[in-house]
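Only one structure is covered here, and it is reproduced in the block below.
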Amino acid sequence: MEIRAASGVIVGVDGSAPAAEAAEWAAGEAERRGDSLHLVHAVNTGTVTLSPRTGATVTDLILREAEELLEAIKSGLQAAHPTLRITGDVVPRDAAEAVLTAAEHAGLAVLGTRGHGGFASLLLGSVSLRVAAHAACPVVVVRGTEHPDGPVLVAVHDERDAAALRFGCELAARRGLPLRALHTWSPVVADVGRMAPMVDELGEEAKLHEQLLVRTCEPVKDDFPAVDFETRQLTGGTAASVVEESRTAALVVMSRHQPALRFGLRLSTPVHAVLHHAQCPVAVVPV
């Protein structure tokens, strides 16, 4: 069985509570975008250690139950979103690979924090981490509590983050939410014995960061005049600052700067930390 080409928004489902939350979030976002929603239900048929006859019987049973579960999830979403076009596939493949393959044809991939295959004690499952690290499209991991009236929070490191800002502005515009561009930095000046010169140097450094923030944000801001756009500078670690700000946010948006290989995690430390600890859904945008 092959995955049909998917467009619009895709979401990984498996019958778990986190996946159900992700599916509802994805359905709402697909509706606001005017896109379709595609459900991906990956199952491990586990027949490699069985005899051919027994293996085929067990595989058929697993796939049939998976199809029934997928249909139930699809029916529930359709009832809640009657105008939304919803499709779905059961895929006998590793879950992360199934979602990554579908994401090659999607504008957005959505996942929960972990599924049935994860350990309840983990903050974030391996499937969500792998997809966030390697997907060709933006990925939203639905976690924490979404504050529907809160801002869309975009972490801005440098001018490469314009794509993440644009993604955040588009989502904020669709929902009528404000956007907060957050730039964090740590002072590079040292020598605590030179306090007066240090204050001057800190002021100059702050001006440079402000200029960087303006250069990055202004071109995007001009394209979204209806969005209430705010910029903020904070000194300190990116991950800790973003996690704290996420307590009242509707969504956090982070950039994934480096292209990742198909296998192995290649997320930066701040992105990895925010995915684990944010208090609201997190979008990871490849730039």
Self-check item: Residue, farthest from the chain's Cα centre (by Cα), within segment 265-285, restricted to residues that are in a loop (DSSP other than H, G, I, E, B) and hydrophobic (A, V, I, L, M, F, W, C)
Solution: Leu265
Quiz item: Name the pairs whose Cβ atoms lie under 9 Å apart, with the first residue in segment 16-33 and touching a residue at least 40 places away in the same chain (Cβ under 8 Å) and open to solvent by 60 Å² or more (accessible area, probe 1.4 Å), the second among the acidic types (Asp, Glu) and assigned to a helix (DSSP H, G or I), and 6 or more positions between them or separate chains?
Solution: Arg33/Glu170
Quiz prompt | Number of positions in segment 6-15 that are on the phi < 0 side of the Ramachandran plot and surrounded by fewer than 22 Cβ atoms within 10 Å (Cβ to Cβ) | solution = 1
Quiz item: What number of residues in segment 33-54 are under 33 Å from the mean Cα position of the chain (by Cα) and at pLDDT below 90?
Solution: 5
Self-check item: Pairs, first hydroxyl-bearing (Ser, Thr, Tyr) in segment 114-142, second at pLDDT 95 or above, C-beta under 6 Å, six or more apart
Solution: Ser128/Leu111; Ser128/Val141
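Residues checked against (1) among the hydroxyl-bearing types (Ser, Thr, Tyr); (2) at pLDDT below 80; (3) open to solvent by less than 70 Å² (accessible area, probe 1.4 Å):
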| residue | (1), (2), (3) |
| --- | --- |
| His183 | no, no, yes |
| Asp191 | no, yes, no |
| Arg194 | no, yes, no |
| Met198 | no, yes, yes |
| Leu202 | no, yes, yes |
| Leu213 | no, no, yes |
| Cys217 | no, no, yes |
| Phe224 | no, no, yes |
Quiz item: Gly150: assigned to a loop (DSSP other than H, G, I, E, B), open to solvent by 30 Å² or more (accessible area, probe 1.4 Å) and either closer than 14 Å to Leu251 by Cα or modelled with pLDDT of 95 or more (or both), yes or no?
Solution: no
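Does segment 54-72 contain at least one residue that is among the β-branched types (Val, Ile, Thr), closer than 20 Å to Ala30 by Cβ and touching a residue at least 12 places away in the same chain (Cβ under 8 Å)?
For segment 54-72, residues among the β-branched types (Val, Ile, Thr), closer than 20 Å to Ala30 by Cβ and touching a residue at least 12 places away in the same chain (Cβ under 8 Å): absent.
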Exercise. Report, by residue number, each residue of segment 209-233 that is in a helix (DSSP H, G or I) and hydroxyl-bearing (Ser, Thr, Tyr).
Key: Thr216
Quiz prompt | Subset tally (residues that are of a type in the set (A, V, I, L, M, F, W, C), open to solvent by 10 Å² or more (accessible area, probe 1.4 Å), assigned to a helix (DSSP H, G or I) and farther than 16 Å from Asn44 by Cα) for segment 73-114 | solution = 4
Quiz item: Looking at Leu165, is it open to solvent by less than 40 Å² (accessible area, probe 1.4 Å), assigned to a loop (DSSP other than H, G, I, E, B), modelled with pLDDT of 95 or more and not polar (S, T, N, Q)?
Solution: no
Quiz item: Which condition number in (1) at pLDDT below 90; (2) within 30 Å of Asp222 (Cβ to Cβ); (3) in a helix (DSSP H, G or I) is the one that Ala132 fails?
Solution: (1)
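The values are calculated or read from the model by the stated rules, or taken from the named source; none is laboratory data. Here the structure is a predicted model, which is why all the values come from computation and not from measurement. Cβ atoms come from the backbone with ideal geometry, glycine included; neighbour counts cover every protein chain shown. Heavy atoms of the whole protein, side chains included, go into the accessibility calculation; ligands, DNA and RNA do not. Shrake-Rupley method; radii C 1.70, N 1.55, O 1.52, S 1.80 Å.
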